[in-house]
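Novice: Structure incoming, see below.
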Amino acid sequence: MADTWTVAGRTFTSRLIVGTGKYKSFEENAAAVAASGAEIVTVAVRRVNIADPGQPMLTDFIDPNKITYLPNTAGCFTAEEAIRTLRLAREAGGWELVKLEVLGEAKTLYPDMRETLRATETLVGEGFKPMVYCVDDPIAAKQLEEAGAVAIMPLGAPIGSGLGIQNRVTIRLIVEGAKVPVLVDAGVGTASDASVAMELGCDGVLMNTAIAEAKDPVTMARAMKLAVESGRLAYLAGRMGQRRYADPSSPLAGLI
Amino acid sequence: MVHDGTISIRVNGGHRRVVAGISVAELALELGLEPTRVAVERNLEIVPRSTLAEVRVEDGDDYEIVTFVGGG
């Protein structure tokens, strides 16, 4: 049976979600998305460029009919800004599945959980299906789930830092406690970080900078695809226990 | 109001004059935008895409016109 995951009634095979920011060109972005195997990409909602309306658009390169666009509220620092942004996104795209992110400060881009929870409640009340960026706190994750978040997306490390999963214990606790999908969002720097997230039992990983800022984004996108797949397989396989000391692999009996 | 058949509005933070009586869809086209690829907010209220051709632009309106761009 295929190993799929489902969020808000929609089923996906790829467990890697990639961002579409920071790329050198739309062509490179599209090639990286293809190499990553991602079925979902995050996108931002911004003012159209009225001074130059004829310039190429993301939708010319990444087809929203083939790849699910997940509108994100990156850059919003209050619940109101995020809600306003997603109402526009719903009108622009026509879908309810969105990613909510309400930031607390520019330096760390840590989420403001009070505003995030407030925005989640309002959005759910308006029929949105929010996947929610949050701190790696199992209690906050539970509160978001109770408020109607369709996926919990704890940070592994600050956005764009590439520091990897800083707290495996809290990510694992969130995974164990959640009834909705859990995806690490932010902090992945290289392939092994993505594998760690998947080995902890996460349903998926979301990343942008780790691919976009690699020297060769398309090759890194493929590395991330493989890392997510292998991390997932390792999780399903069930890793061996850890020991404090050595344990020989060859039989001790029959030694000459 | 200037009596030359135009009205004053704001679009994405910038001032503009347009011919009185046009619809929001016509405004988008005048700006070089494909109405089906953008979302429009008029005085902080969403203008549903299905009504873009019916809603009239009025003097003093404040518009935000957005679309999807690359982002994380």
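Novice: Once the other residues with Cβ under 9 Å from the Cβ of residue A:212 are scored (Lys, Arg +1; Asp, Glu -1), what is the net sum?
Specialist: Values: positive: A:22, A:24; negative: A:28, A:213.
Residues close to residue A:212 contribute a combined charge of 0.
Novice: So what is the relative contact order for the range A:1-137, in percent, with contacts set as C-alpha pairs under 8 Å and at least six apart? Mind dumping the intermediate values first?
Specialist: Numbers: 188 pairs, mean separation 24.6, N = 137.
That works out to 18 percent.
Novice: Sticking with this structure for a sec: Using a Förster radius of 41 Å, what is the FRET efficiency between residue A:11 and residue A:253 based on their Cβ-Cβ separation? Nearest 0.05, please. It would help to have the intermediate numbers written out before the result.
Specialist: Working: r = 50 Å, r/R0 = 1.23.
Efficiency at R0 = 41 Å is approximately 0.25.
Novice: Can you bin the range A:1-151 into rounded, prolate or oblate? Criterion: square roots of the alpha carbon gyration tensor eigenvalues sorted a ≥ b ≥ c, rounded for a/c under 1.5, prolate for a/b above b/c, oblate for the rest. Before the final figure, lay out the partial values.
Specialist: Values: a/c = 1.69, a/b = 1.24, b/c = 1.36.
It comes out oblate by the Cα gyration axes.
Novice: Mean shadow of the range A:72-136, computed from the convex hull of its alpha carbons, in nm²?
Specialist: Its average projected convex-hull area is 3.8 nm².
Novice: Additional query: When averaged across all projection directions, what area in nm² does the alpha-carbon convex hull of the protein assembly as shown cover?
Specialist: On the way: hull surface 84.6 nm².
Here the figure is 21.1 nm², rounded to one decimal.
Novice: With all pairs of different alpha carbon atoms counted, what Kirkwood hydrodynamic radius in Å does the range A:118-174 show?
Specialist: Details: mean 1/r = 0.0842 Å⁻¹.
About 11.9 Å for the range A:118-174.
Novice: Now, a different point. Work out, step by step, the length gained on full extension between residue A:77 and residue A:25: first 0.36 nm times the residue separation, then minus their alpha carbon distance; give nm to one decimal.
Specialist: Numbers: separation 52, 0.36 × 52 = 18.72 nm, distance 2.79 nm.
Gain on stretching residue A:77 to residue A:25: 15.9 nm.
Novice: In addition: If you line up the long axis of helix A:79-93 against the longest principal axis of chain A, both from Cα atoms, how many degrees apart are they, to the nearest 10?
Specialist: Computed tilt is about 80 degrees.
Novice: Separate question: Amide H of residue B:11 versus every other amide H placed in the peptide plane: which residues, excluding those fewer than 5 positions away on the same chain, fall under 5 Å?
Specialist: Here B:16, B:63 satisfy the definition.
Novice: Can you list which of the chymotrypsin sites (Phe, Trp or Tyr not before Pro) found in the range A:9-49 are DSSP loop residues with at most 11 other C-beta atoms within 10 Å? Before the final figure, lay out each step's value.
Specialist: Numbers: sites: A:12, A:23, A:26; in loops: A:23.
Counting only loop positions with at most 11 other Cβ atoms within 10 Å, none of the chymotrypsin sites (Phe, Trp or Tyr not before Pro) in the range A:9-49 qualifies.
Novice: What range in chain A is the longest one free of trypsin sites (Lys or Arg not before Pro) that are in a loop by DSSP and have at most 10 other Cβ atoms within 10 angstrom? Numbers along the way, then the final one.
Specialist: Working: sites that count: A:24, A:66, A:107, A:179, A:215, A:239, A:243, A:244.
My reading of the result: A:108-178 is the longest stretch.
Novice: Taking a virtual spin label 7 Å from the Cα of residue A:65 along the C-beta vector, which residues in the range B:36-72 bring their backbone nitrogen under 14 Å of it?
Specialist: Counting backbone N atoms under 14 Å from the label point, the list is empty.
Novice: Using the Kirkwood formula on the Cα atoms of the range A:120-256, what hydrodynamic radius do you get, in angstrom to one decimal? All intermediate terms of the calculation are to be shown ahead of the outcome.
Specialist: Working: mean 1/r = 0.0614 Å⁻¹.
Answer for the range A:120-256: a Kirkwood hydrodynamic radius of 16.3 Å.
Novice: How high is the relative contact order of chain A? Use alpha-carbon pairs under 8 Å, at least six apart in sequence, and give a whole percent. Don't skip to the end; give the middle numbers.
Specialist: Numbers: 490 pairs, mean separation 47.2, N = 256.
Value for chain A: 18 percent.
Novice: Here is a further query. Mind pulling the angle between the C-alpha long axis of helix A:113-125 and the longest principal axis of chain A? Nearest 10 degrees, somewhere in 0 to 90.
Specialist: The angle comes out near 70 degrees.
Novice: First select every other residue whose beta carbon is under 14 angstrom from the beta carbon of residue B:22; then total the charges, Lys and Arg +1, Asp and Glu -1.
Specialist: Numbers: positive: B:16, B:17, B:42, B:56; negative: B:26, B:30, B:54, B:58, B:59, B:61.
Net charge around residue B:22: -2.
Novice: Calculate how steeply helix A:217-237 sits against the longest principal axis of the alpha-carbon atoms of chain A, using the helix alpha-carbon long axis, and give the answer as 0 to 90 degrees to the nearest 10.
Specialist: The angle comes out at about 50 degrees.
Novice: Name the long-range amide H neighbours of residue B:47: under 5 Å, sequence gap of 5 or more, or other chain; modelled H, no Pro or chain starts.
Specialist: B:40, B:41, B:42
Every number here is computed from the coordinates shown, using simple stated rules; none is lab data. The shown structure was predicted, so the numbers you read here are calculated from the model rather than taken from an experiment. When we count neighbours, we look across all protein chains shown, and the Cβ atoms used for this are built from the backbone with ideal geometry, even at glycine.
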